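As structure tokens, the structure follows; a few thoughts come after it.
Derivation of every value follows stated rules applied to the coordinates shown; laboratory data play no part. Worth saying up front: this structure is predicted, and the values here are computed from it rather than measured. Glycine also receives a Cβ, built like all others from the backbone with ideal geometry; neighbour counts cover every protein chain displayed.
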Amino acid sequence: MNKQRTRLVQSVININEHNFEEVALEVFQYQAKYNPIYKQYITLLGKSWQDFNCLEEIPFLPIELYKSHSIQTGEFEPQVVFTSSGTTGAQTSRQLVRDLTLYENISQSGFEAFYGRLEDYCVLALLPAYLERKGSSLVYMANHFIAQSKYDDSGFFLDD
């Protein structure tokens, strides 16, 4: 499973408009095989990972499961746990992140594939409600993007 995961990570980092569907199906198949919660969910739908052959068929895991279960593929101690804002109720959903560097690299390479080098952008983050709480993946990613920008004016703006 380790070699397969390494190869899959490289495919995701190098994703482009020509191989997007192929890579997305590979990621789905990997998750459906090795993520016990997702595998069980697909089984409860009366299906197997082999039954899905295009992006439109891939079932989304209900967000409620991210509130009640630890959704992760493989055994690992997360570097960080991001949480949802909790706007729909008291219990928040949780995203367990195995590798923050990989998380940053994939997000940045995805941005750059469509928009060009991140350093060439002035990143203005207007996230007042998010800045006032801990555990936001959006604040984390905005902070990473701001750090990559070569513009001194990049930053967070709470009220203005």
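Using the Cβ-Cβ distance between residue 9 and residue 91 with R0 set to 30 Å, the FRET efficiency from 1/(1 + (r/R0)^6) comes to roughly 0.45.
Could you state the per residue volume, in Å³, of the convex hull enclosing the Cα atoms of the chain?
Numbers: hull volume 22.5 nm³, N = 160.
Taking only Cα atoms, the chain has a hull volume of 141 Å³ per residue.
Helical runs (DSSP H, four residues minimum) scored at -39500 (n - 2.57) apiece and divided by the length of the chain put the mean residue ellipticity at 222 nm at -14000 deg cm²/dmol. Relative to the Cα centre, the charge distribution of the range 1-152, modelled as +1 at Lys and Arg Cβ and -1 at Asp and Glu Cβ, gives a dipole magnitude of about 520 debye. A straight Cα-to-Cα reach below 20 Å connects residue 3 with the aspartates and glutamates 22, 26, 75, 77, 99, residues fewer than 8 places away in its own chain not being considered. Other residues within the sphere of radius under 10 Å centred on the Cβ of residue 120, judged by their own Cβ, net out at 0 (K and R +1, D and E -1). Normalised by the number of residues in the chain, the average gap of Cα pairs under 8 Å and 6 or more apart makes the relative contact order 17 percent. If you take all other residues with their beta carbon under 15 Å from the beta carbon of residue 106, and give Lys and Arg +1 and Asp and Glu -1, the sum is -1.
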